[in-house]
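Asks: Mind having a look at this structure? Questions to follow.
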Amino acid sequence: MINPISSKAWRVACIAALISAVVFVLMQFLPTLSYETTSQRPISKEKAIETATAFVNDRTGFLVDKAEAYHDSDKDYTGYLAKYKLEESHKKTFEEFLPIDQYRVNVRTVGDELLLGSVFLNLYTGEVVGWDFTYANQQLVDEQTAHQAIYAELEQRNFPLTEETYIDTYEQVESLDLFDAGNRTTIGYYVSNDQFVIKDAVMQLDASVIEYNGSIIVNRMVTEFMLPGDYTELIDKQDLYANIWTFAVYTFMSFVLGILAIIYAIIYRQHTSFKYGIVLTIIASIIGVIVNAGLMNSQLGLEGQMLSDSGFLLFFTIIVTIITIILGAVSYYFSFVAGDGLWRAQGFNLWPRFREANYGKHVWDSMKMGYLTAIIALGVQTIIFLLLTNLLGTWSANDTSQSLLNFEYSWLFPLIAWFAAITEEVIFRLFGVGLFRRWFKNTWIAAFIPTLVWAAGHTLYPLYPASTRVIELLIIGYMFTWVMIRFGFITGMFMHAVFNTILISISMYVSGTAADMISASFFLVLPVIIAGIIRWLHGRKKDTKETNAPPYPPVAPQE
């Protein structure tokens, strides 16, 4: 049988959700709004490509064959600004030279005289702020000629030149292909001025000058900040920690859990059925294909002057993606089967069946409780960040690798929320906690290892120090576990989906198109639609029946 949620639980959840919503809005949502998001919206990718194409044609005389636009930002520099609370100082002094948010438009030109390059534009105004072109047959020039060309370019662009402006020369060897079959030496120039500093970071322009067909050309002019050594050392160390958490803990343990899921699905097959989990595995795999396809182009484009048809790299990325999706589907499916069997063998019916009486009402109530607990989790997360900011000095940086603007099908961006909700809840909660509870005989001790592994998988997010996300998600993960134990696996999935959808929808309302905002609104109410359809279908089914499953759900496991 399926026990209903008590009226007391509803009252407590509603009050806690109301308080949490106020905390989230006042302490996390409103403070994060900057003047860019409130007074300006990003120009469209089409407009960025149009501007960049005209710039390339005007500057080089070449016609553009292919161009792709990606949202880009300097992660290390934005982290530096956030750590020392320098965002406003940057906006007042340096935003016109180095916008925090930019479009990087990668281009390839027509004809045998191939030109590859990138044009950098202000994300909001569309103004060109930098470029980097690679010609097929470019020749180096002497230093004096280069300096003259650079100064002329800076004067033309109204760059503030003073007596303290100086140019440093550097040399680097560039590989011509992926396999290091050839390389060439290039000469670059750093233009800087000790007056152009923000705290201990010095603004500099990375320039390059070449001769092409008898003309002297400034083929690269990119603004950047040279960060102090102590900060870069700190970031390198924290990124190392994040990689250890991700690959040594999350990736390795996820593989181990996948193997164990297959083993325990076989061992506990008498408590479950291999039919269960097929539909959700298919849904998660389809979403995984869409998400990977949506991010694939930007993953290539943000690496340099690459385009989405960049031969071997594209092929390699597709192959890796296919293998990952297949292995993931195997892990999800057996986690469903094994997790269900493990909990039922221990006296829990955390995942009721469609044939059970009151299943439709259970799904409907799970959806409603999922909304309430998701809002509570957002409030708790806000408090956690506030405490960690004061205790650990937590700060964040811009990471555009999963930006809405870099998702090919931006109106489907919230699918990421559902992918995480299905896959993470089944692997780390339904199966992970169930497995370790079988071993340790205590739910909350059992929850620690899978929750820690789940938290470790989020440490590559640009939040510093790396331990921040581990601490935060250990707490949030225990909340997810409690909700699953108290209200069932379906509630846990709805909670996770709504939690992520709210955060994703905010970015869609702030920087998305009209279609994105409509889509965000749809995905925010999607759990209601799903639960409503299931409830309606179950109400039409005549052969629902009581089962011999234990009472559901117990408030806490009986030791």
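Asks: Can you tell me which residue is farthest from Q144 (Cα to Cα) among those in region 201-237 that are surrounded by 14 or more Cβ atoms within 10 Å (Cβ to Cβ) and among the hydroxyl-bearing types (S, T, Y)?
Replies: Y231
Asks: Separate question: Could you tell me whether region 334-345 includes any residue that is touching a Phe, Trp or Tyr at 6+ places or on another chain (Cβ under 7 Å) and surrounded by fewer than 17 Cβ atoms within 10 Å (Cβ to Cβ)?
Replies: yes
Asks: Quick one: which residue in L63, L86 is within 30 Å of F385 (Cα to Cα), touching a residue at least 40 places away in the same chain (Cβ under 8 Å) and of a type outside the set (K, R)? Steps first, please.
Replies: Details: L63 fails: within 30 Å of F385 (Cα to Cα).
Sole residue among the options that is within 30 Å of F385 (Cα to Cα), touching a residue at least 40 places away in the same chain (Cβ under 8 Å) and of a type outside the set (K, R): L86.
Asks: Still on this structure, please answer the following. Which pairs turn up if I take residues in region 279-298 that are free of Cβ contacts under 8 Å to residues at least 40 places away in the same chain and look for partners that are among the polar types (S, T, N, Q) and surrounded by fewer than 19 Cβ atoms within 10 Å (Cβ to Cβ) with beta carbon separation below 9 Å, at least 6 apart in sequence or on another chain?
Replies: V289/T321; N292/T317; N292/T321; N292/T324
Asks: Restricting attention to region 357-372, does a residue exist that is within 24 Å of the chain's Cα centre (by Cα) and surrounded by 19 or more Cβ atoms within 10 Å (Cβ to Cβ)? Lay out the reasoning, then the answer.
Replies: Of the residues in region 357-372, the ones within 24 Å of the chain's Cα centre (by Cα) are 370-371.
The next check asks that each one be surrounded by 19 or more Cβ atoms within 10 Å (Cβ to Cβ); those that pass are 370-371.
Scanning region 357-372 turns up at least one residue that is within 24 Å of the chain's Cα centre (by Cα) and surrounded by 19 or more Cβ atoms within 10 Å (Cβ to Cβ).
Asks: Here's a follow-up. Got at least one residue in region 397-410 being assigned by TED's automatic domain parsing to the domain that holds A21, modelled with pLDDT of 95 or more and of a type in the set (S, T, Y)?
Replies: There is no residue in region 397-410 that is assigned by TED's automatic domain parsing to the domain that holds A21, modelled with pLDDT of 95 or more and of a type in the set (S, T, Y).
Asks: State all residues of region 369-391 that are in contact with a Phe, Trp or Tyr (Cβ under 9 Å, 6 or more places away or on another chain) and either free of Cβ contacts under 8 Å to residues at least 60 places away in the same chain or more than 30 Å from S6 (Cα to Cα) (or both); if no residue qualifies, say none.
Replies: T389, the sole residue that qualifies.
Asks: Do we have any residue at all in region 341-358 that's under 26 Å from L473 (Cα atoms), touching a residue at least 12 places away in the same chain (Cβ under 8 Å) and assigned to a helix (DSSP H, G or I)?
Replies: There is at least one residue in region 341-358 that is under 26 Å from L473 (Cα atoms), touching a residue at least 12 places away in the same chain (Cβ under 8 Å) and assigned to a helix (DSSP H, G or I).
Asks: Could you list, in sequence order, all residues of region 65-101 that are of a type in the set (D, E) and part of a loop (DSSP other than H, G, I, E, B)?
Replies: D74, E95, E96, D101
Asks: Among (1) more than 30 Å from L463 (Cβ to Cβ); (2) in contact with a Gly (Cβ under 9 Å, 6 or more places away or on another chain); (3) charged (D, E, K, R), which single condition is K66 missing?
Replies: Going through (1) more than 30 Å from L463 (Cβ to Cβ); (2) in contact with a Gly (Cβ under 9 Å, 6 or more places away or on another chain); (3) charged (D, E, K, R) one by one, K66 breaks only (2).
Asks: Checking R269 against (1) out of contact with any helix residue (DSSP H, G or I) (no Cβ under 7 Å at 6 or more places or on another chain); (2) loosely packed, with under 15 Cβ neighbours inside 10 Å, only one condition comes out false. Which one?
Replies: Of everything listed in (1) out of contact with any helix residue (DSSP H, G or I) (no Cβ under 7 Å at 6 or more places or on another chain); (2) loosely packed, with under 15 Cβ neighbours inside 10 Å, R269 misses just condition (1).
Asks: Regarding P31, is this residue part of a helix (DSSP H, G or I), at pLDDT below 95 and not polar (S, T, N, Q)?
Replies: yes
Asks: Given the structure, is A497 in contact with a Phe, Trp or Tyr (Cβ under 8 Å, 6 or more places away or on another chain), within 21 Å of S401 (Cβ to Cβ) and among the small types (G, A, S)?
Replies: Numbers: in contact with a Phe, Trp or Tyr (Cβ under 8 Å, 6 or more places away or on another chain): yes; within 21 Å of S401 (Cβ to Cβ): no; among the small types (G, A, S): yes.
So A497 does not fit the description; no.
Asks: From I476, I530, grab the single residue that is closer than 30 Å to I235 by Cβ, assigned by TED's automatic domain parsing to the domain that holds V337, at pLDDT 95 or above and surrounded by fewer than 23 Cβ atoms within 10 Å (Cβ to Cβ).
Replies: I476
Asks: When you scan region 325-340, do you find a residue that is free of Cβ contacts under 8 Å to residues at least 40 places away in the same chain and assigned by TED's automatic domain parsing to the domain that holds I427, even just one?
Replies: Going through region 325-340, the residues free of Cβ contacts under 8 Å to residues at least 40 places away in the same chain turn out to be 326.
Going one step further and asking which of them are assigned by TED's automatic domain parsing to the domain that holds I427, we end up with 326.
Looking through region 325-340, at least one residue is free of Cβ contacts under 8 Å to residues at least 40 places away in the same chain and assigned by TED's automatic domain parsing to the domain that holds I427.
Asks: Let me ask something else about it. Say whether the condition of being surrounded by 21 or more Cβ atoms within 10 Å (Cβ to Cβ), part of a helix (DSSP H, G or I), of a type in the set (G, A, S) and at pLDDT 95 or above is met by at least one residue in region 479-488.
Replies: The answer is no, given that none of the residues of region 479-488 is surrounded by 21 or more Cβ atoms within 10 Å (Cβ to Cβ), part of a helix (DSSP H, G or I), of a type in the set (G, A, S) and at pLDDT 95 or above.
Asks: Which residues, counting only those in region 109-153, are within 28 Å of the chain's Cα centre (by Cα), buried (at least 18 other Cβ atoms within 10 Å of the Cβ) and more than 15 Å from R220 (Cβ to Cβ)?
Replies: Of everything in region 109-153, those that are within 28 Å of the chain's Cα centre (by Cα), buried (at least 18 other Cβ atoms within 10 Å of the Cβ) and more than 15 Å from R220 (Cβ to Cβ) turn out to be L121, N122, L123, Y124.
Asks: Among R104, R108, which is the only one that is within 28 Å of I198 (Cβ to Cβ) and part of a strand (DSSP E or B)?
Replies: R104
Asks: Filter region 381-395 down to residues that are under 12 Å from Y84 (Cα atoms) and buried (at least 18 other Cβ atoms within 10 Å of the Cβ), then give me how many there are.
Replies: Total satisfying the criteria: 2.
Asks: Can I ask one more? Could you tell me which of the residues F133, F120, F62 is in contact with a Ser or Thr (Cβ under 8 Å, 6 or more places away or on another chain) and either within 17 Å of M306 (Cβ to Cβ) or in a helix (DSSP H, G or I) (or both)?
Replies: Values: F120 fails: in contact with a Ser or Thr (Cβ under 8 Å, 6 or more places away or on another chain); F62 fails: either within 17 Å of M306 (Cβ to Cβ) or in a helix (DSSP H, G or I) (or both).
Going through F133, F120, F62 in turn, just one is in contact with a Ser or Thr (Cβ under 8 Å, 6 or more places away or on another chain) and either within 17 Å of M306 (Cβ to Cβ) or in a helix (DSSP H, G or I) (or both): F133.
Asks: Separate question: What number goes with the only condition from (1) closer than 30 Å to V119 by Cβ; (2) in the same structural domain as L405 (by TED's automatic domain parsing); (3) surrounded by 15 or more Cβ atoms within 10 Å (Cβ to Cβ) that G304 does not pass?
Replies: Looking at each condition in turn, G304 falls short on (3).
Asks: Confirm whether A456 is surrounded by fewer than 22 Cβ atoms within 10 Å (Cβ to Cβ), modelled with pLDDT of 95 or more and more than 15 Å from H496 (Cβ to Cβ).
Replies: Taking the combined requirement at face value, the residue does not satisfy it.
Asks: Another question, if that's okay. Restricting attention to region 211-243, and to residues there that are assigned to a helix (DSSP H, G or I) and hydrophobic (A, V, I, L, M, F, W, C), which single residue is nearest to the chain's Cα centre (by Cα)? Walk me through it before giving the result.
Replies: First pass over region 211-243, keeping only residues assigned to a helix (DSSP H, G or I): 229-243.
Next cut, hydrophobic (A, V, I, L, M, F, W, C) only: 234-235, 240, 242.
Numbers: L234: 22, I235: 19, L240: 19, A242: 15 Å.
Checked region 211-243; the qualifying residue nearest to the chain's Cα centre (by Cα) is A242.
The values are calculated or read from the model by the stated rules, or taken from the named source; none is laboratory data. Keep in mind it's a predicted model, so treat the numbers as computed, not measured. Here Cβ is always computed from backbone atoms with ideal geometry, including for glycine, and neighbour counts include all displayed protein chains.
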